[in-house]
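Colleague: Starting off with a structure, shown below.
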Amino acid sequence: MAYGIKSYVLRAGRMSVAQRRSYETLSSGFCIPFAAAPLDFPRAFGNENPVTLEIGFGMGVATAMIAQENPDKNYLGIEVHRPGIGRLLWEIESRGLSNIRIIEYDAVDVLGKMINAASLSGIHIFFPDPWPKKRHHKRRLIVRPFTNLLAEKLRPAAYVYMVTDWADYGDWALAELSATAGLKNPYPDFAEPQSWRPQTKFERKGLEKAHEVRELFFIKEG
């Protein structure tokens, strides 16, 4: 199925010296090329540990912190902005992490072609581009039928966890996820902050601007 979502604009951000060095020297060990074929998780990570997927990890600091706190879990990050990939690779090296892999490609294609059904233990979507202008709402990532694809890739009792600092997008995502077959909201509406998710520099900037952070946490039924 074609989902017709282009949820990002590829910005030509400048890489720092450290980011470039990390990208050039560490990519071969931690980055997985896109392929239109299912990814073998045990082969990619070298173990049978559960896998959590993160869509759009930004600069990757929160990703690295979560992975460091959970060495018995694997994390697969999808990102298209190379400076962020370079920074996460730097974090991986400096923290001595072995449980993160990265795919530099469009998340819609990765989900559709590389991830098997009922294979993920969780999906993280932290502060996706809100596309606040009404004419751009069609670019928002959290929209059906793409949310159906998210649900399809989750194991029973696995979760999808989204956080946004745009109230309007929070309301939008709550409606879309609530209408997605196979997902159940254990909260009356928005979720409580999950204690294991670290606050990022990006999030702090949003709070300084009086943005309202909204969290959504849905469980896969079955």
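The values are calculated or read from the model by the stated rules, or taken from the named source; none is laboratory data. None of the values given here were measured: they were computed from a predicted structure. Positions of Cβ are generated from backbone atoms using ideal geometry, with glycine treated the same way; all protein chains shown enter the neighbour counts.
Colleague: Which residues, counting only those in the stretch 190-222, are part of a helix (DSSP H, G or I) and not basic (Lys, Arg)?
Modeller: Listed by number, the residues that qualify are PHE202, GLU203, GLY206, LEU207, GLU208.
Colleague: Looking at (1) over 16 Å from the mean Cα position of the chain (by Cα); (2) without any contact (Cβ under 8 Å) to a residue 40 or more places away in the chain, which is the only condition TRP90 fails?
Modeller: Checking TRP90 against (1) over 16 Å from the mean Cα position of the chain (by Cα); (2) without any contact (Cβ under 8 Å) to a residue 40 or more places away in the chain, the one that fails is (2).
Colleague: What is the one condition in (1) over 21 Å from PHE126 (Cα atoms); (2) modelled with pLDDT under 95; (3) not charged (D, E, K, R) that ILE5 does not satisfy?
Modeller: (1)
Colleague: Scanning for something closer than 21 Å to ALA37 by Cβ and modelled with pLDDT of 95 or more, does the stretch 120-128 turn up at least one residue?
Modeller: yes
Colleague: Need the failing condition index for TRP90 against (1) crowded, with 19+ Cβ neighbours inside 10 Å; (2) not in a helix (DSSP H, G or I), just the number.
Modeller: Among (1) crowded, with 19+ Cβ neighbours inside 10 Å; (2) not in a helix (DSSP H, G or I), TRP90 violates only (2).
Colleague: Taking the condition of being polar (S, T, N, Q) and farther than 23 Å from TYR159 by Cβ, how many residues in the stretch 75-121 meet it?
Modeller: 2
Colleague: In the stretch 47-77, which residues are assigned to a loop (DSSP other than H, G, I, E, B) and either touching a His at 6+ places or on another chain (Cβ under 7 Å) or within 22 Å of ALA118 (Cβ to Cβ) (or both)?
Modeller: Once the filter is applied, which keeps residues that are assigned to a loop (DSSP other than H, G, I, E, B) and either touching a His at 6+ places or on another chain (Cβ under 7 Å) or within 22 Å of ALA118 (Cβ to Cβ) (or both), the stretch 47-77 yields ASN47, GLU48, ASN49, PRO50, ASN70, ASP72, LYS73.
For every residue, the table says whether it meets (1) among the hydrophobic types (A, V, I, L, M, F, W, C); (2) under 12 Å from the mean Cα position of the chain (by Cα).
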residue	(1), (2)
LEU53	yes, yes
LYS73	no, no
ILE78	yes, yes
GLY84	no, no
LEU97	yes, no
ASP109	no, no
ARG139	no, no
ARG155	no, no
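Colleague: Now, a different point. Filter the stretch 16-63 down to residues that are more than 25 Å from ASP129 (Cα to Cα) and polar (S, T, N, Q) and give me whichever is surrounded by the fewest Cβ atoms within 10 Å (Cβ to Cβ).
Modeller: SER28
Colleague: Then there is this: Could you list all residues from the stretch 64-75 that are of a type in the set (A, V, I, L, M) and surrounded by fewer than 24 Cβ atoms within 10 Å (Cβ to Cβ)?
Modeller: Matches in the stretch 64-75: MET65, ILE66.
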